[in-house]
Amino acid sequence: MFIHLDPVGGIAGDMVIAAITDVFPHLREGVLAAIRAAGVPASIDCRFEPAQDHGLTGSRFLVEIPAPSGSAAGHDAGAVPGSPYRPHTAAAASPLAGAGMPHAAGDHAHRHFADIRASLEASALSPEVRHHAIGIFTVLAEAEARIHGHPLEQVSFHELGEWDSVADIVGAAYLITALGAREWSIGTLPLGSGFVQTAHGRLPVPVPATSAILQGFAFADDGVPGERITPTGAAIVRHLACRQQRHAAGTRILKGSGHGFGTRRMPGLANMLRVLAFESAEEGDAPESSTAALISFEVDDQTPEDLAVGLDKLRNVPGVLDVIQTPVFGKKGRVSAQIQVLAEPDALTRAVEACFMETTTIGLRHQLVQRQRLPREISVVQVGNHAVRVKVSRRVHEVTVKAENDDIAPGSGSAARTRLRHAAEAAALEPDAERGEP
């Protein structure tokens, strides 16, 4: 599947969620469940509602934070739709307050990136969703580090640490995982103009974080003022490595489209993000070719327990695709662990730093390698009370399926888990199975 983002009015985290689920409405429940799994309190209302703007219909995703007693409810009328810079009435009490997440009512204190990352790592999110959520936050943190000249671990967020931004990022991370799209692309970005009021004071549009994140992307000024792209929207685009150039090779069939609206009304233009979902016209798509970075090293002086912890942290580094270890015999007959890390090419530096930080190795090797991946998508099937994601892979002459173990694991007993796995995989092969695609 191929997903194209068309930023007609702009792009923000809530608009991404609204537009994608307008195409795939069956994923809405999963979005809300993921947001709660990340620790967003039940007192904060997260919901979808139908929307209309300039004669077009679609969806809107809302995160409403309750106002403290005696204060005015609602957001500022001039706020930008989906913007992490819009003022809040209050932040709800948080079960993760000790981990640096939003807590006291009306609290706009700094939230350090390291604390937000730690709270996400400790959350009940699935590993894939956690990986994407941390990845998006990392893009934001790296931009803030460059702008303010701070080390990454010392970066603190103001509005970007609030619950609505957490909900937007986690919801987007869930959808990225559920769709399993082979490619994401985006149209020319609207520049916008003017100023926005932030915790750092009055900032020009695009705000510095957005400008830092989207270096290298094409912009156009359509004459419509205001903040058109928020830092959260920009971070999602960068994390997805969205392409802007058109591809002539191959024929694609448009399977569905959706509109995600922001809350601001703009003159003569619908404030929406449009999503177009395509699939290849070729039966039995050829494997997808891409480049990856391969890092290799050996460890013979780290305890198995600590190495396991370190490798788990390596797997959560944004851009790391896989980590494996193999027992080998090293010098003097020592039993060692050979580690191989597969990462996106642009994450190589970050992955190397993490290897040195999380393991005792003092040297490693890395190279760029070619890889090929079979076309695949995610089916979400219902088996009794269980919603199970199933990975469907398209081979030359057949289709194979594999249920996600994280969705099977809650089953009680090996036999029950086996039955649940078989039932989910059989359901995913049925023609009317709900998929993470049209």
Could you tell me whether any residue of the range 254-263 is more than 25 Å from I176 (Cβ to Cβ) and open to solvent by less than 20 Å² (accessible area, probe 1.4 Å)?
no
Quick check on G171: is it open to solvent by less than 30 Å² (accessible area, probe 1.4 Å), in contact with a Phe, Trp or Tyr (Cβ under 9 Å, 6 or more places away or on another chain) and in a helix (DSSP H, G or I)?
yes
Given the criteria of a type in the set (V, I, T) and closer than 19 Å to D6 by Cα, does V207 qualify?
no
Check on A143, farther than 19 Å from G262 by Cβ, buried (at least 23 other Cβ atoms within 10 Å of the Cβ) and at pLDDT 90 or above:
yes
Return yes when V323 is more than 11 Å from C355 (Cα to Cα), open to solvent by less than 80 Å² (accessible area, probe 1.4 Å) and β-branched (V, I, T) and no when it is not.
no
So which of A73, A91, A79, A19 ends up being modelled with pLDDT under 95 and either open to solvent by 40 Å² or more (accessible area, probe 1.4 Å) or part of a helix (DSSP H, G or I) (or both)?
A73
When you look at L214, is it closer than 18 Å to C242 by Cβ, surrounded by fewer than 18 Cβ atoms within 10 Å (Cβ to Cβ) and aliphatic (A, V, I, L, M), yes or no?
no
Residue count for the range 329-362, restricted to those that are open to solvent by 40 Å² or more (accessible area, probe 1.4 Å) and at negative phi:
18
Set S211, S185: member being free of Cβ contacts under 8 Å to residues at least 24 places away in the same chain and either assigned to a loop (DSSP other than H, G, I, E, B) or out of contact with any Gly (no Cβ under 9 Å at 6 or more places or on another chain) (or both)
S211
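The values are calculated or read from the model by the stated rules, or taken from the named source; none is laboratory data. The structure presented is a predicted model; accordingly, all values stated were derived computationally and were not measured. Methodologically, a virtual Cβ is constructed for each residue, glycine included, from the backbone with ideal geometry; neighbour enumeration extends over all protein chains shown. Surface areas here come from the heavy atoms of the whole protein model, side chains and all, with no ligands, DNA or RNA. Shrake-Rupley method; radii C 1.70, N 1.55, O 1.52, S 1.80 Å.
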